[in-house]
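The values are calculated or read from the model by the stated rules, or taken from the named source; none is laboratory data. The model shown is predicted, which means the values in this text are computed figures rather than measured ones. Neighbour counts are summed over all protein chains in view; Cβ atoms, including those assigned to glycine, are modelled from backbone coordinates with ideal geometry.
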Amino acid sequence: MTESFFVRDGDHFYPNGICTSPWQPTALSGAALAGLAAHTLNRVPAPTAMVTARLTIDILGTAPVGPVTTTSRVLREGPRLQLIDVELLARGRSWLRATALRVRTAKSPEQSVPPTRAFPTVPETQALRWGEFVPIDRDTSAPRTGASWVRVTSMVVDGEPLSPLERIAITSDVGSGTARLLSRKDWTYANIDIATHMTREPRGEWLLVDARGESAGNGIGLIHSMLGDRDGMIGMAHQTLFLQPRSS
């Protein structure tokens, strides 16, 4: 990994070029914001062996490209669960609010399923600004569906190895580009939140996003993504989209 979303300088995180939004070059992308939120959560110690079972992210505006600071606080902590709140701030206001629910780990019967889409024997990778993906054959009879295997190859913060939580937080933002509701030529469809539920942390570098989208024709879209790795499915991600014609 040679690139990063951010460079740390004291309490500030300065964005690199791969941070910018595909919809607005002066704004930070959802992937960058999600990765930094997960990075901040990782720095909060857990009271015992726990896994992040839920990560919810609310994007509170078009976050400008520039230095970002982060805050975190524990809202509840006990032997069975921990609830953490994170904010990302820039130019004197909050641009993202995230909460993570950590749950203690213990032995229980396994009820897992294999990947819904197999990893290709000979993968044909395509480049992302911060990684690469392998598109899976799409069902032309269902244009609002799609699946991809995704590998994040960039660090969130320069010099700090990518964590499993950072990897799945970034990948959870990919669903809206995988199951496209509308033509990107004519519409923008930036997501305004990401809610990820998982049974365990991802294993390995390649993650599966098996997505479908829907809209009631009222300027709002929803994307539902099943998430997995090469060992099996591990959770779900949901995104709310703000649908806007490019001409308006």
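Only one of these is modelled with pLDDT of 95 or more and either surrounded by fewer than 19 Cβ atoms within 10 Å (Cβ to Cβ) or not in a helix (DSSP H, G or I) (or both): Ala169, Ala195. Name it. Lay out the reasoning, then the answer.
On the way: Ala169 fails: either surrounded by fewer than 19 Cβ atoms within 10 Å (Cβ to Cβ) or not in a helix (DSSP H, G or I) (or both).
Just a single option satisfies the conditions, and that option is Ala195.
Within region 109-134, how many residues turn out to be among the hydrophobic types (A, V, I, L, M, F, W, C) and under 13 Å from Trp206 (Cα atoms)?
Looking only at region 109-134, we keep the residues that are among the hydrophobic types (A, V, I, L, M, F, W, C), and these are 113, 118-119, 122, 127-128, 130, 133-134.
Okay, now just the ones that are also under 13 Å from Trp206 (Cα atoms), so 118-119, 133-134.
So the count comes out to 4.
I need the full set of residues from region 202-230 which are surrounded by fewer than 18 Cβ atoms within 10 Å (Cβ to Cβ) and touching a residue at least 60 places away in the same chain (Cβ under 8 Å), in order please.
Glu214, Arg230
Would you pick out the residues in region 19-46 that are at pLDDT below 95 and either in contact with an Asp or Glu (Cβ under 6 Å, 6 or more places away or on another chain) or assigned to a loop (DSSP other than H, G, I, E, B) (or both)?
Passing the criteria: Ser21, Pro22, Trp23, Gln24, Pro25, Thr26, Ser29, Gly30, Ala31.
Could you please find all residues in region 1-27 being crowded, with 16+ Cβ neighbours inside 10 Å and either within 24 Å of Glu205 (Cβ to Cβ) or of a type in the set (D, E, K, R) (or both)?
Matches in region 1-27: Ser4, Phe5, Phe6, Phe13, Pro15, Asn16, Ile18, Cys19, Thr20.
Taking region 142-166, which residues are in a loop (DSSP other than H, G, I, E, B), within 16 Å of His224 (Cβ to Cβ) and of a type in the set (A, V, I, L, M)? Show your work before the answer.
The first filter runs over region 142-166 and keeps only residues in a loop (DSSP other than H, G, I, E, B), leaving 142-144, 153-154, 158-163.
Still in the running and within 16 Å of His224 (Cβ to Cβ): 142-144.
Ala142 - this is the single residue of region 142-166 that is in a loop (DSSP other than H, G, I, E, B), within 16 Å of His224 (Cβ to Cβ) and of a type in the set (A, V, I, L, M).
Collect the residues in region 61-98 that are assigned to a loop (DSSP other than H, G, I, E, B) and surrounded by 15 or more Cβ atoms within 10 Å (Cβ to Cβ), keeping them in residue-number order.
First, pick out the residues of region 61-98 that are assigned to a loop (DSSP other than H, G, I, E, B): 61-63, 65-67, 78-80, 91-92.
Selection gives Ala63, Val65, Pro67.
Conditions first: (1) surrounded by 14 or more Cβ atoms within 10 Å (Cβ to Cβ); (2) under 19 Å from the mean Cα position of the chain (by Cα); (3) closer than 25 Å to Val174 by Cβ. Ala127 passes all but one, so which condition is the exception?
Result: Ala127 passes all but (1).
When the residues of region 179-192 are filtered to those that are over 22 Å from Leu36 (Cα atoms) and not aliphatic (A, V, I, L, M), which remaining residue is surrounded by the most Cβ atoms within 10 Å (Cβ to Cβ)?
Pass one, region 179-192, residues over 22 Å from Leu36 (Cα atoms): 179-188.
Adding the requirement that they be not aliphatic (A, V, I, L, M) leaves 180, 183-188.
Working: Arg180: 20, Ser183: 9, Arg184: 12, Lys185: 6, Asp186: 9, Trp187: 17, Thr188: 17.
If we take residues in region 179-192 being over 22 Å from Leu36 (Cα atoms) and not aliphatic (A, V, I, L, M), then Arg180 is surrounded by the most Cβ atoms within 10 Å (Cβ to Cβ).
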